[in-house]
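Engineer: Just dropping this structure here.
The values are calculated or read from the model by the stated rules, or taken from the named source; none is laboratory data. All values derive from a computational prediction rather than experimental measurement. So basically every Cβ, Gly included, is an ideal-geometry build from the backbone, and we count neighbours across all protein chains shown. Surface accessibility is based on the protein's heavy atoms, side chains included, excluding ligands, DNA and RNA. Shrake-Rupley method; radii C 1.70, N 1.55, O 1.52, S 1.80 Å.
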Amino acid sequence: PTGYMENSISYSAIEDVQLLSWENAPKYCLQLTIPGGTVLLQAANSYLRDQWFHSLQWKKKIYKYKKVLSNPSRWEVVLKEIRTLVDMALTSPLQDDSIHQAPLEIVSKLLSENNNLTTQDHESIIVAIAPLLENNHPPPDLCEFFCKHCRERPRSMVVIEVFTPVVQRILKHNMDFGKCPRLRLFTQEYILSLNELNAGMEVVKKFIHSMHGPTGQCPHPRVLPNLVAVCLAAIYSCYEEFINSRDNSPSLKEIRNGCQQQCDRKPNLPLRLLHTSPDLVSQEATLTESRLKPVIVTTNEIHVEVERNNTANQKMTAGVGNDSEPNLIDCLMVSPTCSTMSIELSAQADRILGCYVEILKMLSDYDDWRPALASLLQPIPFPKEALAHEKFTKELKYVIQRFAEDPRQEVHSCLLSVRAGKDGWFQLYSPGGVACDDDGELFASMVHILMGSCYKTKKFLLSLAENKLGPCMLLALRGNQTMVEILCLMLEYNIIDNNDTQLQIISTLESTDVGKRMYEQLCERQRELKELQRKGGPTRLTLPSKSTDADLARLLSSGSFGNLENLSLAFTNVTSACAEHLIKLPSLKQLNLWSTQFGDAGLRLLSEHLTMLQVLNLCETPVTDAGLLALSSMKSLCSLNMNSTKLSADTYEDLK
């Protein structure tokens with residue numbers, strides 16, 4: 001008839017769906033019963049027909065459950081319908097994400113629209129939908145419901161039995177919490193509920209271990225980044241009240257510059273952080289009595305003193321900063337004896353902070369996770385209020401200590417700043433740094449591991465001489481061997497230009513037995529160096545194959561090599577350790593390291609000292625991009641062989 005099938009058929013109008021099975025029936029047909037007649041749908045094959053059949057049945061039932069659950073009357077009936085809905089989703093032969101997601105969204109909407117449920121109703125619904133959560137993330141509204149349950153009933157068995165596999169799946173498979181922040185919030189609340197159990201952090205520790213697995217290598221690469229994201233968000237939330245009160249407080253950059261920028265902020269006056277040391281406060285009070293009285297602005301226990309005397313403020317800023325660029329330490333601290341901000345967290349925030357800092361400590365104990373954890377924490381992804389909070393920095397010190405004890409360069413190199421002009425953990429936990437709470441033990445440990453790796457360079461020593469010479473000398477005076485070695489290297493590499501400072505370093509070295517011994521060894525090396533660099537000796541030298549670092553050192557100490565221009569170490573067993581001897585050859589222009597074990601650390605040293613080098617052969621050496629990039633500073637280099645190395649295309653272009 002005319003007009004038949006012009007309008008679509010709604011799923012709710014379908015009364016029945018059947019497969020045609022009578023004799024001589026059309027092949028691959030479905031019969032849909034609708035008001036006023038039937039409709040036959042013919043597919044191309046039985047597989048497509050079955051797909052249509054199950055899909056239509058699924059849609060028809062989903063619309064039915066949506067209608068039933070949109071107007072709940074008795075919750076025992078609703079619970080029964082939810083269980084039937086879940087069973088239908090689990091038994092459906094259809095392979096599609098929406099098969100499990102649709103029931104979850106229906107239940108999620110139901111819970112969001114009904115806030116007067118009892119605790120028993122809550123748990124019954126959670127248990128009913130639990131099978132669907134084994135392979136699916138909960139929708140946002142359902143996450144909100146789960147969070148509420150974790151907060152209100154942290155000791156409920158539902159938290160352990162139902163939520164644990166859900167959170168494990170989230171941590172293993174989630175790719176971006178930014179797209180689904182409520183998943184992160186649910187994970188955060190779940191971990192806090194574990195901490196509320198009788199065993200407390202022991203339960204959390206077992207959970208973290210279950211996420212890592214029993215082997216030495218975690219098989220799930222997303223677990224660590226997701227756990228760190230949860231920890232960072234939780235720690236940030238502890239200081240959110242202070243962060244939100246920053247509206248009229250200075251940014252780090254503004255404090256660093258000593259005054260506020262000309263903007264909408266009021267009052268538009270120079271600013272400095274309030275000293276809390278009693279002696280300093282009393283001195284300040286005496287000095288300011290004769291001047292204009294300062295105004296104290298108190299915002300959630302963060303005390304900031306606004307001075308109206310611009311000249312006095314400029315003098316203070318100049319006195320602290322000198323000619324060097326102020327950094328984060330200058331913003332948070334005027335001197336090592338001063339505390340800059342008084343942070344008092346609420347009891348709840350304090351528990352959250354303690355829990356998640358403890359998790360960061362647990363993560364740092366796993367060897368396979370430590371490199372990635374160090375990389376994630378290298379940019380210091382914490383608010384400045386956290387860095388000014390003594391309890392936080394004291395607890396986090398364990399994590400930094402673990403990084404400083406790790407012999408792998410990829411770990412301990414993350415103690416340094418992520419880029420030039422930005423502070424790193426090394427600066428924060430150094431004497432005078434806002435996080436330093438000891439006499440420099442952690443600082444010495446960090447310097448020791450960095451110097452033992454590939455940071456025995458002029459650049460690193462120069463930064464120590466400019467910023468940390470005082471702490472280095474103090475620790476050397478107390479007999480710290482690493483600091484004694486640092487001072488000796490500063491003298492050996494002519495890092496210190498000032499004669500008075502050099503004499504002070506020498507006095508410091510001679511005040512201890514270990515310092516006196518190492519200084520005498522330095523003087524002996526200097527005498528040998530002068531003898532070595534005295535003009536004379538051969539211009540070309542080739543070491544026999546299989547020669548070692550010790551053989552090269554013995555040979556170079558046997559006479560004068562001031563004229564040596566061409567040195568071949570090809571096919572020997574020398575390593576980066578021989579670089580300390582090579583940099584003492586002032587006339588060296590050609591160096592052949594073909595098929596040796598000379599690596600990145602040696603290249604860095606050569607690039608700083610052998611400025612006259614013209615030809616360098618690194619063929620078949622274990623050098624990588626990290627070392628090869630250092631060669632860009634060697635302006636005299638004319639020929640460079642990097643065949644059979646780990647050179648990448650990007651580094652090749654940079655070197656060109």
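Engineer: Hey, among the residues in region 219-241 that are among the hydrophobic types (A, V, I, L, M, F, W, C) and open to solvent by 20 Å² or more (accessible area, probe 1.4 Å), which one's farthest from residue 363 (Cα to Cα)?
Structural biologist: 233
Engineer: For region 434-483, which helices (runs of 4 or more DSSP H) that fit wholly inside it have 3 or more residues that are in contact (Cβ under 8 Å) with a residue 60 or more places away in the chain?
Structural biologist: 458-467
Engineer: Residue 400 - would you say it is under 21 Å from residue 228 (Cα atoms) and open to solvent by less than 10 Å² (accessible area, probe 1.4 Å)?
Structural biologist: Considered against the rule, which asks whether it is under 21 Å from residue 228 (Cα atoms) and open to solvent by less than 10 Å² (accessible area, probe 1.4 Å), residue 400 comes out as yes.
Engineer: Now for a different question. Report yes if residue 503 is in a helix (DSSP H, G or I) and surrounded by fewer than 19 Cβ atoms within 10 Å (Cβ to Cβ), otherwise no. Quick ask: steps written out before the conclusion?
Structural biologist: On the way: in a helix (DSSP H, G or I): yes; surrounded by fewer than 19 Cβ atoms within 10 Å (Cβ to Cβ): yes.
Answer is yes for this residue.
Engineer: Now for a different question. Determine the pairs where a residue that is of a type in the set (Ser, Thr, Tyr), located within region 75-104, has a partner that is open to solvent by less than 30 Å² (accessible area, probe 1.4 Å) with Cβ atoms under 7 Å apart, the partner being 6 or more residues away or on another chain.
Structural biologist: Final answer for the pair search is 92/58; 92/99.
Engineer: Of all residues in region 362-395, how many are farther than 24 Å from residue 205 by Cα, of a type outside the set (D, E, K, R) and open to solvent by 50 Å² or more (accessible area, probe 1.4 Å)?
Structural biologist: 1
Engineer: Would you point out which residue out of 442, 464, 450, 487 is of a type outside the set (S, T, N, Q), at pLDDT 90 or above and under 27 Å from residue 376 (Cα atoms)?
Structural biologist: Only one candidate qualifies: 442.
The rows are residues; the columns are (1) within 25 Å of residue 18 (Cβ to Cβ); (2) open to solvent by 60 Å² or more (accessible area, probe 1.4 Å).
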{"residue": "49", "(1), (2)": "yes, no"}
{"residue": "53", "(1), (2)": "yes, no"}
{"residue": "64", "(1), (2)": "yes, yes"}
{"residue": "71", "(1), (2)": "no, yes"}
{"residue": "85", "(1), (2)": "yes, no"}
{"residue": "90", "(1), (2)": "yes, yes"}
{"residue": "94", "(1), (2)": "yes, no"}
{"residue": "99", "(1), (2)": "yes, no"}
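Engineer: Still on this model: Is it the case that residue 148 is part of a helix (DSSP H, G or I), more than 30 Å from residue 351 (Cα to Cα) and either open to solvent by 40 Å² or more (accessible area, probe 1.4 Å) or modelled with pLDDT of 90 or more (or both)?
Structural biologist: Spelling it out, it is not the case that residue 148 is part of a helix (DSSP H, G or I), more than 30 Å from residue 351 (Cα to Cα) and either open to solvent by 40 Å² or more (accessible area, probe 1.4 Å) or modelled with pLDDT of 90 or more (or both).
Engineer: Please identify the pairs in which a residue from region 114-130 that is more than 12 Å from residue 79 (Cβ to Cβ) has its Cβ atom under 8 Å from the Cβ atom of a residue that is part of a helix (DSSP H, G or I) and open to solvent by 20 Å² or more (accessible area, probe 1.4 Å), counting only partners at least 6 apart or on another chain.
Structural biologist: 119/152
Engineer: Here's something else I'd like to know. Of the residues 628, 567, only one is of a type outside the set (Phe, Trp, Tyr) and under 41 Å from the mean Cα position of the chain (by Cα); which?
Structural biologist: After ruling out the rest, the residue left standing is 628.
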